[in-house]
1. Set Lys and Arg Cβ to +1 and Asp and Glu Cβ to -1, take the dipole of region 30-139 about its Cα centre, and tell me which of T101, P67, G138 lies farthest positive.
2. Could you work out the per residue convex hull volume over the alpha carbons of region 62-147, in cubic angstrom?
3. Take every Cα pair under 8 Å in region 88-142 that's 6+ residues apart, average their separations, divide by the length, and report that relative contact order as a whole percent.
4. Under 5 Å between amide hydrogens, which residues at least 5 positions from S93 or on another chain qualify, with H placed 1.01 Å from N in the peptide plane?
5. Which ³J(HN,Hα) values in Hz, rounded to whole numbers, follow from the phi angles of region 85-99 under the Karplus curve 6.51 cos²θ - 1.76 cosθ + 1.60, where θ = phi - 60° and Gly and Pro get x?
6. Which percentage, to the nearest 5, of the DSSP beta bridges contained in the chain is antiparallel?
7. Cross-link partners among lysines for K130, C-alpha distance below 22 Å, same-chain residues fewer than 8 apart left out?
8. Suppose R0 equals 30 Å. What FRET efficiency, 1/(1 + (r/R0)^6) with r the Cβ-Cβ distance, do E4 and K63 give to the nearest 0.05?
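Each value in this text was obtained by applying a stated rule to the coordinates, not by laboratory testing. Small disclaimer: the values here were computed from a predicted structure and weren't measured. Cβ: placed from backbone, ideal geometry, glycine included. Neighbour counts: every protein chain shown.
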Amino acid sequence: MIGELLHSRYHIESQLGEGGIGIVYQARDTTLERDVAVKVLSPHRLGTEGRARLLQEARAVAKLNHPNIVTVYDVGECQKAPFIVMELVAGQSLEEEKPETADGVVALARQLCDALDHAHTHGIIHRDIKPANVIVAGDGTAKLMDFGIAR
């Protein structure tokens, strides 16, 4: 997929990671001239449930506007592969790099609690909180992502 233009708009530049049902790429939004993350579901692992899950994730996160929740920009399908376009956060997952001090743990916990409180206020329960679903930017800002099984 690298080098392709997805949906006549998103130029796929590199792979960022791979999960159970898809791959996340760094892409360039050629319309708004900004870098984004594009999560593309694997068609062979997908089925109707996978498509519904992706749309559910996009709808759930699109209702939320919070500095500690990754922003969703777009959702679509290209060559039978559903995708979701999100804010690109430069950083590492909490699974990859854990805080080194108690103060660091508390700072991240506060941000995640704020994000979850915001989601719960809007009737959304994440249901998959784990270090791999938290990305920490270089400035220490934690962002909750992957609302794929949210309710």
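1. About the Cα centre, the residue reaching furthest to the positive side is P67.
2. 104
3. Across region 88-142, relative contact order equals 62 percent.
4. Under 5 Å from the amide H of S93 lie the amide H atoms of V136, each far enough along the sequence or on another chain.
5. 9, 10, 4, 8, 10, 7, x, 10, 5, 5, 5, 7, 9, 8, x
6. Restricted to the chain, the bridges split so that about 95 percent are antiparallel.
7. By straight Cα distance, K130 reaches K39, K63, K98, K143.
8. Numbers: r = 30 Å, r/R0 = 1.00.
Rounded to the nearest 0.05, the efficiency is 0.50.
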